[in-house]
Amino acid sequence: MKRLSYVVMVLGLACTTTLHAQEVNSGGVESLRGTATLDETKKAETMKRVIKDKNPIARNYVHQPPMVPHQTRGYRVDLNSNKCLTCHGWKYAAETGATKVSLTHFETRDGKTLSDVSPRRYFCSQCHVTQADAKPLVDNTFEPVESLGNE
Amino acid sequence: MTKANNKKGFLQYLKSPNSAGLWFILLIGFAGGIIFWGGFNTALEVTNTEEFCISCHEMENNVYEEYRETIHYSNRSGVRATCPDCHVPKEWTHKIIRKIAASKEVWGKLTGIINTPEKFNGHRRSMAEREWKRMKENDSRECRNCHNFEYMDFSEQGNRSVKMHKDALGTGEKTCIDCHKGIAHTLPDMKGVENW
């Protein structure tokens, strides 16, 4: 038994070293970094800009957290304050023209509805992210749900 | 003795050699005045710089560090707003009043009221409230030294900015600090603050 595990270990080690040796030459396979190999440093992409303000972005599936259609630089969300709720909170939404957070944001993990935003929905950018004008890095064939108004 | 006599007597006295002492005193007073006044204004200048403000670690380690991440420290045009730009009025009388009020900061320094980050954060709400009150009362005068509503080009601003500026700022219903709290520093606990 002990012998066998030795053999397995040695074999495993051999495998990883050969694999490692192969990785240096990508063999023409393209990853997100293009054909660059691990040991070379590629030139960085230029920074993408977040669009200052635009109309709401169409959703792709039911229960998708909608993407943020505006800049959020400098908006702090912490124990002391929540900048997002100064517009998206129910009290202020009418005045600011922002969409009210939906009532699902008041529900706890076990389905209880609280009188204010639930802790699990407090840190907005955990689910809602801003968008830059960038091409997708890889193609994908995802089809949005038709009922949500996507063509 | 009559009044006229009195006056004449004084003029004569000034002309007489006996008056040298008085002249001397007047001269000293005059020169001293210039030096004092100049020195006073120089002192005002010196204490109106960012270097002066952050010479106290209370100011440097907390508010200055926070401010360095914000738009007024680094932005596309390279124009900066320094501490006195927002906190010290430009106009002389207002400036003196603010400076005198600020002498309590020296006392605060001596007594160590905010000499640790914990103490600073504990005290932040009351400090912030005083600043909000000051800005609210003077219609955000210091902001308006640089940002003038008259010259805001709505076609360059974002939709959300335009909506809020046109509705509430244009009508004079609200002032900058009502909506732009925390523009340069971390906010204190905002519980109970209007609009938060």
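Here's the yes/no breakdown for (1) away from every other protein chain (no Cβ under 14 Å); (2) out of contact with any Ser or Thr (no Cβ under 6 Å at 6 or more places or on another chain); (3) touching a residue at least 24 places away in the same chain (Cβ under 8 Å); (4) closer than 30 Å to B:PRO188 by Cβ:
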| residue | (1), (2), (3), (4) |
| --- | --- |
| A:LYS52 | no, yes, no, yes |
| A:ALA58 | yes, yes, yes, no |
| A:PRO66 | yes, yes, yes, no |
| A:SER125 | yes, yes, yes, yes |
| A:GLY149 | yes, yes, yes, no |
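One line per residue, one yes/no per condition, for (1) open to solvent by less than 50 Å² (accessible area, probe 1.4 Å); (2) within 14 Å of another protein chain (Cβ to nearest Cβ); (3) closer than 17 Å to B:ALA184 by Cα:
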| site | (1), (2), (3) |
| --- | --- |
| B:CYS56 | yes, no, no |
| B:ILE71 | no, yes, yes |
| B:SER74 | no, yes, yes |
| B:ASN115 | no, no, no |
| B:GLY122 | no, yes, no |
| B:GLU131 | yes, no, yes |
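Taking segment B:103-129 on its own, how many of its residues are farther than 18 Å from B:TYR64 by Cβ and among the charged types (D, E, K, R)?
The number of residues fulfilling the criteria is 3.
Regarding segment B:133-143, can at least one residue be identified that is more than 15 Å from the chain's Cα centre (by Cα) and open to solvent by 50 Å² or more (accessible area, probe 1.4 Å)? Give the steps one after another, and end with the answer.
Taking segment B:133-143 and keeping what is more than 15 Å from the chain's Cα centre (by Cα), we get none.
Taking every residue of segment B:133-143 in turn, none turns out to be more than 15 Å from the chain's Cα centre (by Cα) and open to solvent by 50 Å² or more (accessible area, probe 1.4 Å).
Considering only segment B:174-195, how many residues are open to solvent by 50 Å² or more (accessible area, probe 1.4 Å) and facing another protein chain (nearest Cβ under 8 Å)?
Matching residues across segment B:174-195 total 1.
Can you confirm whether segment B:32-47 contains a residue that is open to solvent by less than 90 Å² (accessible area, probe 1.4 Å) and assigned to a loop (DSSP other than H, G, I, E, B)?
Step one: list which residues in segment B:32-47 are open to solvent by less than 90 Å² (accessible area, probe 1.4 Å), which gives B:32-33, B:38-44, B:46-47.
Right, trim to assigned to a loop (DSSP other than H, G, I, E, B) and you get B:47.
The answer is yes; a qualifying residue exists.
Which members of segment B:137-161 meet the condition of being part of a loop (DSSP other than H, G, I, E, B), under 19 Å from B:ILE183 (Cα atoms) and either basic (Lys, Arg) or within 14 Å of chain A (Cβ to nearest Cβ) (or both)?
At the first step, the residues of segment B:137-161 found to be part of a loop (DSSP other than H, G, I, E, B) are B:138-140, B:147-148, B:152-158.
Subset that is under 19 Å from B:ILE183 (Cα atoms): B:138-140, B:147-148, B:152, B:157-158.
Hits for segment B:137-161 are B:GLN157, B:GLY158.
Counting only residues that are away from chain A (no Cβ under 14 Å), assigned to a loop (DSSP other than H, G, I, E, B) and of a type outside the set (A, V, I, L, M), which one in segment B:76-88 is nearest to B:ILE100 (Cα to Cα)?
At the first step, the residues of segment B:76-88 found to be away from chain A (no Cβ under 14 Å) are B:77-88.
Then keep just the ones that are assigned to a loop (DSSP other than H, G, I, E, B); that gives B:77-82, B:88.
Applying the additional criterion that residues be of a type outside the set (A, V, I, L, M) yields B:77-78, B:80, B:82.
On the way: B:SER77: 34, B:GLY78: 32, B:ARG80: 26, B:THR82: 20 Å.
Only one residue tops the list, namely B:THR82.
Name the single residue, out of those in segment A:42-56 being in a loop (DSSP other than H, G, I, E, B) and over 18 Å from A:LEU137 (Cβ atoms), that is least open to solvent (accessible area, probe 1.4 Å).
A:ILE51
Among (1) within 14 Å of another protein chain (Cβ to nearest Cβ); (2) in a helix (DSSP H, G or I), which single condition is A:ALA98 missing?
(2)
The values are calculated or read from the model by the stated rules, or taken from the named source; none is laboratory data. All values derive from a computational prediction rather than experimental measurement. Cβ sites come from the backbone with ideal geometry, for glycine too, and all protein chains shown count toward neighbours. Calculation scope for accessible area: heavy atoms of the full protein, side chains included, ligands and nucleic acids excluded. Shrake-Rupley method; radii C 1.70, N 1.55, O 1.52, S 1.80 Å.
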